[in-house]
Structure formats: C-alpha cells, structure tokens
Amino acid sequence: MEDIILKSMPEDGVMQVSLNRPKQRNALSNDLIAKLAEIFEVAWDSSGVRCCVLVGVGGVFSAGADIKEMEADGINAIDNIQRKKNWALIEQFPKPIIAAVEGYAFGGGHELALVADLIVASDDSRFGQPEINLGILPGDGATQRLTRVAGKSLAMQMMLTGDPISAETAYAAGLVSCLVPSGRALEEALKLAVSIAKKSPIAAQLVKTSIKSAYETSLSAGLEVERQAIRQAFAKDSHVEPMRKFVGRKNLTKTRG
Ligand code: CO8
C-alpha cells in the first residue's frame with residue numbers, strides 16, 4: 001500500500017509529518033486524512049512530541065481534497081462521518097502545528113494549512129480556494145477560518161474567483177507568519193519548531209488554546225479563557241523552573257556586584 005504519510009522525529013520534541021502522495025499533488029484522500037488523524041491521536045499525549053511540522057512531499061503542500069474520490073462518492077463524500085471525525089481530531093490537536101508550504105496549498109490543502117497554527121511559506125508559493133471552479137465551495141472550514149484571519153474582502157475574492165493569491169499577499173493578510181526563499185520552507189519551519197519545542201509544553205499548549213479561542217468567542221469570554229489558562233500554567237508549576245532561573249540569575253549578578 002502506498003505510504004501516504006511519513007512520520008519522523010528530526011529534532012528533539014519535533015514531529016515532522018509529510019503528506020506523501022506527490023503524484024496526486026498530495027491530494028487529501030480519506031485514507032490520508034485518517035492516517036494523519038491517527039498520527040495526531042498517538043502524538044496527543046506523547047511527551048516526546050512538543051511541536052509538529054506538516055509538509056508536502058514533492059515541492060507542493062497539497063492540491064486539496066481528492067477530487068476523484070469526491071466525484072465517485074458524490075454527496076456521501078460530504079456525509080462521511082468518519083472523515084469528519086478525523087478532520088475534527090486534527091483541528092483539536094492541542095500542540096502547536098507549523099505548516100511548511102512550498103508550491104501551493106489549494107482547497108482542502110489550504111484549509112489544512114489554516115488548521116495549522118503557523119504557516120512558513122516559500123516566497124513563490126500560492127494559496128487558493130478553487131472549489132468554485134468545480135461547482136462547489138470549501139467544506140473543511142475556509143469560509144470561516146480564512147474570513148476570520150484574512151477578512152471578508154480577500155476571502156470573498158479567493159472563494160468567488162477561485163484564483164490563488166501569492167505568498168506575499170498571504171503574508172500581508174496575516175495568513176503566513178514567515179516568508180522564506182524558495183526551497184527553504186521546511187528547514188525554516190523546523191528551526192521554528194525546535195525553538196517552540198524548547199519552551200514549556202504546558203505553556204505552549206495554553207497559548208494555542210487561548211489564541212484559538214480569540215476566533216471562537218467574544219472578547220470578554222476570550223479574556224476569561226486566557227485568565228484560566230495562566231492559572232493553569234501556575235497551577236501546573238509550568239513557571240517554577242524558568243522563574244527560579246531568572247530570579248537566580250539576578251541574585252547571582254547582585255552577589256557578584
Ligand atoms: N484531487 C485528486 N487528484 C489531483 C488533485 C486533487 N485535488 N490535484 C491534482 N491531482 C492529480 C491529477 O489528477 C493528476 O493525476 P494523473 O496524473 O493521474 O492525471 C496529478 O495529480 C497531477 O496533476 P496535474 O497534471 O494537474 O498537475 P499540475 O502540476 O499541472 O497542476 C494543480 C497542479 C494546479 C494543483 C492542478 O492539478 C489542479 O488544479 N488541481 C485541482 C485543485 C483543486 O481544485 N483543489 C480543490 C479540491 S476541492 C477541495 O479541496 C475542498 C472540497 C471540500 C471537501 C469537503 C469534504 C469532503
């Protein structure tokens with residue numbers, strides 16, 4: 001059977017997950033989504049995984065949902081409960097995910113990149129929601145997520161015309177956190193992942209939860225999520241070692257002085 005996902009641990013605490021259907025431009029088949037969900041489910045409680053990098057094999061991120069599968073399945077493609085559950089598990093993965101995008105992220109591929117917490121993109125990559133060209137619309141969250149991140153006007157343009165935007169436009173719109181030279185997205189995403197993996201895993205997960213809540217709740221409810229999150233960081237002693245180290249450093253300076 002084709003290995004549709006490759007998992008590796010290139011650095012301490014960093015899990016690299018590679019979409020591996022290059023001949024189909026990493027189209028997101030049901031099997032691929034299921035395998036991705038399975039990997040995240042295992043990584044969920046694994047203390048060895050503190051940050052994840054998602055990348056596509058073959059110089060592209062992903063061309064989106066598998067059109068051949070959707071064409072064959074018709075409306076059952078949308079009513080596929082298992083796929084929905086798998087996608088939800090990926091969306092709810094509590095640890096930071098970085099998408100490393102080369103080439104393009106289209107349709108469901110772009111939606112998967114939007115599920116990631118950060119996007120590192122090569123400066124010649126493109127982002128698009130071409131579903132309208134197939135007589136449909138995005139079904140894995142773009143009408144909501146893209147609109148919340150990039151605003152109504154750009155979201156409308158992308159989803160009504162189906163035309164992709166450049167990495168530079170995506171960067172200016174806040175979709176992409178870091179633009180890098182062509183061919184360097186994975187390398188730079190891994191560097192970022194290593195630096196995140198060195199931070200307190202509890203604090204990193206709480207940051208993710210709190211920021212995500214900004215897209216789902218009112219300001220006052222979001223502020224309450226943040227307050228509860230920082231309480232949890234203190235309650236779980238996430239602060240003890242780094243604060244002690246900082247205070248110790250000051251004391252050491254004073255003693256020396
Ligand atoms: N699905 C299945 N196969 C694909 C896909 C895809 N999305 N994209 C490319 N492929 C296949 C092609 O069929 C081709 O296969 P074969 O060699 O067997 O003919 C192979 O990949 C190479 O494709 P191209 O020759 O077209 O490669 P190019 O490099 O010339 O072009 C493009 C790459 C521009 C990405 C082009 O393939 C393309 O436009 N693809 C379709 C992009 C698209 O429309 N994506 C949106 C899909 S719909 C979606 O993602 C959301 C639906 C909602 C889901 C809801 C739940 C199910």
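Laboratory data are not the source of any read-out in this text; all were calculated from the coordinates shown. Note that the structure is predicted; figures quoted are calculated from it, not measured. Here the Cβ positions follow ideal geometry from the backbone for every residue, glycine too, while neighbour counts run over all protein chains shown.
Data overview
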quantity: Segment 201-256 shape via C-alpha gyration tensor axes, a/c threshold 1.5; calculated: prolate
quantity: Cβ-based net charge around ALA155, under 11 Å, with every Lys or Arg adding one and every Asp or Glu removing one; calculated: +3
quantity: Net charge contributed by nearby residues that have their C-beta within less than 10 Å of LYS212 (K/R +1, D/E -1); calculated: -2
quantity: Relative contact order of the chain, pairs being alpha-carbon contacts under 8 Å that are 6 or more residues apart, as %; calculated: 17
quantity: Scaled radius of gyration (Cα, divided by 2.2 N^0.38 Å) that segment 136-222 gives; calculated: 1.31
quantity: Counted charge near VAL42, where neighbours are those whose Cβ lies closer than 15 Å (Asp, Glu -1; Lys, Arg +1); calculated: +1
quantity: Calculated [θ] (222 nm, deg cm²/dmol) that DSSP helices of n ≥ 4 give over the chain, each run adding -39,500 (n - 2.57); calculated: -15000 deg cm²/dmol
quantity: DSSP H segments from the chain that extend 20 Å or more along their own axis, Cα-based, with Kyte-Doolittle mean of 0.5 or above; calculated: 30-44
quantity: At most 12 other Cβ within 10 Å, DSSP loop - chymotrypsin sites (Phe, Trp or Tyr not before Pro), segment 161-257; calculated: TYR215
quantity: P(r), alpha carbons of segment 1-102 - 5 Å bins starting at zero, rounded %; calculated: 3, 13, 22, 24, 20, 12, 4, 2, 0
quantity: GNM result for the chain, Cα springs below 10 Å: residue of LEU190, LEU114, LEU219 fluctuating most strongly; calculated: LEU219
quantity: Volume in Å³ per residue [convex hull over Cα atoms, computed for segment 1-61]; calculated: 77
quantity: Of every Cα-Cα pair in segment 5-197, the percent that sits beyond 27 Å; calculated: 22
